[in-house]
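Student: Have a look at this one before I ask anything.
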Amino acid sequence: LTSKLDALQKDFSEAVAAGDEQKDLASKTEESRNAFASELLEEQSKLAESQKDAEDLQAQLEALKKEQQEQSLERDRHFAELTAKTQAEDKEKSELQEELFQKQAELKEQSEEKDRQLA
């Protein structure tokens, strides 16, 4: 009877120890899950922040592209204005030169006519 009682006590002690071990393991598992969940939340937060930064940078890039396009259009418009002005000035210069050549020809003709009259 004593040996059976000792065996039962031994089995009971082993069962209690196994239960304690399971509780300890369950507690460690819960701690690990909590730690993992905390790390996961932190990583998700970092990812969300990185995505927001990327979106902000994309918006800045789009704004810079738009500004660059506007500047390019302004530059092209200004160049077209300068070209038109230069062409108008060249045409006017040409007309004035033609007028000057005509006047010179007239004066030469008048001078030759006077020379003929004096001779």
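The values are calculated or read from the model by the stated rules, or taken from the named source; none is laboratory data. Just so it is clear, the model here is predicted, and its values are computed rather than measured. Areas reflect the complete protein model, heavy atoms only, side chains present, ligands, DNA and RNA absent. Shrake-Rupley method; radii C 1.70, N 1.55, O 1.52, S 1.80 Å.
Student: Would you mind stating whether K66 is basic (K, R), modelled with pLDDT of 95 or more, more than 60 Å from the chain's Cα centre (by Cα) and in a helix (DSSP H, G or I)?
Tutor: Criteria not met by K66.
Student: Here's another thing I want to ask about it. Any residue in segment 82-101 that is open to solvent by 100 Å² or more (accessible area, probe 1.4 Å) and outside any helix (DSSP H, G or I)?
Tutor: No, segment 82-101 contains no residue that is open to solvent by 100 Å² or more (accessible area, probe 1.4 Å) and outside any helix (DSSP H, G or I).
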